[in-house]
């Protein structure tokens, strides 16, 4: 279609589709040829450019009548693609099974931000809903023309548009546009990533009309994994591929000064790739590459060990210069209120560095052919890796395609993006496709870490025990020494190893709740990183970035204040919590768990085996969660069994309740693991938690016996996220339950047996 | 020095010419071309590489080829198929267990070996049998439901 014809079609369409005039003109004397031309205004054989303002970038009706939904985010194991399929099928009025969601491949999707901040449905789904609604509107308009029936007298079922008063008048999506592309421009807000939004003219359905959204549809990608049919990123192979492994220094910050390539010449195809701090090997066979990386003789530069003794970590944070301070929430006059307080309660809490410790270390495969690059990656942000690989190789972004495949788990900025850039460097250097997988010690020891932090809280009470002022300040390593994705060489190990300086960003956060205190101030302070380049303690986003640590502190502290004023922990919270949905989750968790009103700690237990219950609640970008934890403690061993959780969860409109429950269960179990066990250990030279012995996580023998989830559905409220909010209050709920059981307040995570035993003795 | 090994994997014979010290995992993945099991740690700490050797669950990442002998190797793909699934595979689909799914070789192959010898196990026995396996996504609750469901199916 030439530009002229297209313009012509559009202008005719705009005349013909002008409200009631459409009915008259088409119903009267419009020729078939003209009607087809109207269709052509919306459908064409050539695909429009893959830009965010094109409907074809999100939705296509295939030649067989099925629908492809192109989604620029991706599922990381929660079944997001099912929910997106439900949303698209609902708005388009096609069967759920007719929709195939194609995620994250940069050749087929626009950058909707990847897996990020629990926004898969909240932002990604919102866009897909608007795109699908617009597709339906356009298809109904096309049908109106083709059937000579006004659009408001048409209904759609299973992808077939028919006249409501004459079912014989019908035409399917497939007949109208199957195998062709939408030629429809959306009202794009010119934003990329999470903020991308491009609605059409259509209004989405009312929730009361939903037939597919809200249903517990199962994942179809489970069976292929269970029968070992599904390919993971680790399984991708291409002809001529060689295997790579990376080599890191024993003292962080040290650089190779002499490398003896002859030390690995016994391994077929073995080669060294060395550029400043970047050091890797390739070999024809994977086992040979592993051995070559171990056997390679390397002389390293002598550097001063960069890290403090771990025992002094929190003192280091407290004493470190503040690089940036921010107050995010402030009302009233906090300083004045503290001056006139009848009583002040203060406490400080500590949270360690934590690792993503994904199930397997990251893997990527990069193939460079005729200036074009294909990268298979387990990343959760493929469009950003596309930019990172392009920058690493010095090629245009358009020449790089990133194909995201299921990786060994991802809970934020883990080691996947670093691996993609490392593989790109290796592939370019050796002129062959390189499959790189890190080793376990690199996955756990060298991934970007969740930041270690301290948190100071204080509250002013008047003589009656009423809270008159509240102040909460975190002092911590930034949440983003490296950015949340590997789009820039400064944010990847490869880039930093090759000499690009780290530009550590500043960011942290404050508690997300609705406690209405007359005087309230919440802020944060960040400190510089411990090492400026290629640090195994560089920080970035780990599931619910900074949420677990902040709310461990803030919700533990609320419990401390409740105990100090002699109030039941839930009754105390309800005195001050302002927002109705917050009150609702707290009450729902209390009711479902059989909460009995009383103060903590319990006073009716003796002996070594004691039990307790604790509540914690928080918000996260619109979602609200309250958790009641019930724990058993063996005072003689310090071992904690987090036996039962009751979780009340409100994320607005629920798309798929079964998927949501599974997602919450995973959050709780991972939250228990991070609370009871997880702590990155390090010495002056390097990170020393490098495997599952030195970085233990929750064992199946310690799995909570019950996780009871209460879903609060608000079909009328736009859905917010669920991938992270319920991990947020877990640590505080457990800490509060330990206090209830023992009367001892533990203010440092993890609650490992040694630490608990010491605290109790 | 490489050596020739005749491996029986999922009922089929495969000749592999490799270093006798090379762990079985790399023979399965790279020489035979299987897409399972997975490399998780190379230290026998997680289970992602688990296969059965003559019915015993073993960690292929630390089992040298020289130790395999004439044993029959069964992988997840050989345990059952969509047409003839093992009860654990049926239960895993019914309970919608995996999230990322990278760990499932460990859980299913270990549980299958356990359930083959233990009828009607208690929950504590199931947990003990599976202790040490890792799942980072935290699907433990669904794993236990699925193993219990499979145990019931197997009588």
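Please enumerate the residues belonging to the stretch B:47-61 that are under 18 Å from residue B:102 (Cα atoms) and out of contact with any helix residue (DSSP H, G or I) (no Cβ under 7 Å at 6 or more places or on another chain).
Residues of the stretch B:47-61 under 18 Å from residue B:102 (Cα atoms): B:47-52, B:57-61.
B:58, B:59, listed by residue number.
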Only unsatisfied item for residue B:92, checking (1) closer than 24 Å to residue B:143 by Cα; (2) more than 7 Å from every other protein chain (Cβ to nearest Cβ); (3) surrounded by 24 or more Cβ atoms within 10 Å (Cβ to Cβ), is (2)
Give the stretch B:43-64 a look and list any residue that's within 18 Å of residue B:18 (Cα to Cα) and at the interface with chain A (Cβ under 10 Å from one of its Cβ atoms), or say none.
B:61
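Do we have any residue at all in the stretch B:90-99 that's closer than 19 Å to residue A:359 by Cα, under 13 Å from the mean Cα position of the chain (by Cα) and not in a helix (DSSP H, G or I)?
Step one: filter the stretch B:90-99 for residues closer than 19 Å to residue A:359 by Cα, giving B:92, B:96-99.
From what's left, under 13 Å from the mean Cα position of the chain (by Cα): none.
No, the conditions are met nowhere in the stretch B:90-99.
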Does the stretch B:1-17 include one or more residues that are surrounded by fewer than 21 Cβ atoms within 10 Å (Cβ to Cβ), facing another protein chain (nearest Cβ under 7 Å) and either over 19 Å from residue A:407 (Cβ atoms) or without any contact (Cβ under 8 Å) to a residue 60 or more places away in the chain (or both)?
no
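Here's the yes/no breakdown for (1) within 20 Å of residue A:414 (Cβ to Cβ); (2) free of Cβ contacts under 8 Å to residues at least 60 places away in the same chain; (3) outside the structural domain of residue A:428 (by TED's automatic domain parsing):
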| site | (1), (2), (3) |
| --- | --- |
| A:469 | no, no, yes |
| A:473 | no, yes, yes |
| A:484 | yes, no, yes |
| A:492 | yes, no, yes |
| A:499 | no, no, yes |
| A:510 | no, no, yes |
| A:513 | no, no, yes |
| A:519 | no, no, yes |
Residues satisfying the stated conditions in the stretch A:247-259, i.e. out of contact with any helix residue (DSSP H, G or I) (no Cβ under 6 Å at 6 or more places or on another chain) and within 17 Å of residue A:289 (Cα to Cα)
A:248, A:259
Subset tally (residues that are under 19 Å from residue B:102 (Cβ atoms), surrounded by 22 or more Cβ atoms within 10 Å (Cβ to Cβ) and facing chain A (nearest Cβ under 7 Å)) for the stretch B:20-40:
5
Restricting to the stretch B:110-155, give me the number of residues that are at the interface with chain A (Cβ under 10 Å from one of its Cβ atoms), part of a helix (DSSP H, G or I) and out of contact with any helix residue (DSSP H, G or I) (no Cβ under 6 Å at 6 or more places or on another chain).
4
Residue A:336: modelled with pLDDT of 95 or more, assigned to a strand (DSSP E or B) and not assigned by TED's automatic domain parsing to the domain that holds residue A:749, yes or no?
no
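For the stretch A:453-467, what are the residues that are touching a strand residue (DSSP E or B) at 6+ places or on another chain (Cβ under 6 Å) and assigned to a loop (DSSP other than H, G, I, E, B)? So that I can check it myself, show each step before the final result.
Residues of the stretch A:453-467 touching a strand residue (DSSP E or B) at 6+ places or on another chain (Cβ under 6 Å): A:453-462, A:467.
Hit for the stretch A:453-467 is A:462, nothing else.
Okay, residues lined up against (1) surrounded by 16 or more Cβ atoms within 10 Å (Cβ to Cβ); (2) without any contact (Cβ under 8 Å) to a residue 24 or more places away in the chain; (3) under 30 Å from residue B:87 (Cα atoms):
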position	(1), (2), (3)
A:199	yes, no, no
A:203	no, no, no
A:209	no, yes, no
A:230	yes, no, yes
A:242	yes, no, no
Whether any residue in the stretch A:226-238 is in a helix (DSSP H, G or I), within 14 Å of chain B (Cβ to nearest Cβ) and within 19 Å of residue B:97 (Cα to Cα) is what I want to check.
yes
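Suppose the filter is facing chain A (nearest Cβ under 9 Å) and either closer than 21 Å to residue A:701 by Cβ or surrounded by 19 or more Cβ atoms within 10 Å (Cβ to Cβ) (or both); does residue B:101 pass it? Spell out the reasoning first.
Working: facing chain A (nearest Cβ under 9 Å): yes; either closer than 21 Å to residue A:701 by Cβ or surrounded by 19 or more Cβ atoms within 10 Å (Cβ to Cβ) (or both): yes.
So residue B:101 passes the test.
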Yes or no: the stretch A:488-497 includes at least one residue that is in a loop (DSSP other than H, G, I, E, B), surrounded by fewer than 23 Cβ atoms within 10 Å (Cβ to Cβ) and in contact with a helix residue (DSSP H, G or I) (Cβ under 7 Å, 6 or more places away or on another chain).
yes
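Kindly indicate whether residue A:706 is within 7 Å of another protein chain (Cβ to nearest Cβ), closer than 30 Å to residue A:86 by Cβ and touching a strand residue (DSSP E or B) at 6+ places or on another chain (Cβ under 6 Å).
When the stated conditions are applied, residue A:706 does not pass them.
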Which condition number in (1) without any contact (Cβ under 8 Å) to a residue 24 or more places away in the chain; (2) assigned to a strand (DSSP E or B); (3) more than 30 Å from residue A:433 (Cβ to Cβ) is the one that residue A:299 fails?
(1)
Taking the stretch A:58-74 as the search range and keeping residues that are buried (at least 24 other Cβ atoms within 10 Å of the Cβ) and without any contact (Cβ under 8 Å) to a residue 60 or more places away in the chain, which one is nearest to the other protein chains (Cβ to nearest Cβ)?
A:73
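The values are calculated or read from the model by the stated rules, or taken from the named source; none is laboratory data. Everything numeric here is computed off the predicted structure, so don't read it as measured data. Here Cβ is always computed from backbone atoms with ideal geometry, including for glycine, and neighbour counts include all displayed protein chains.
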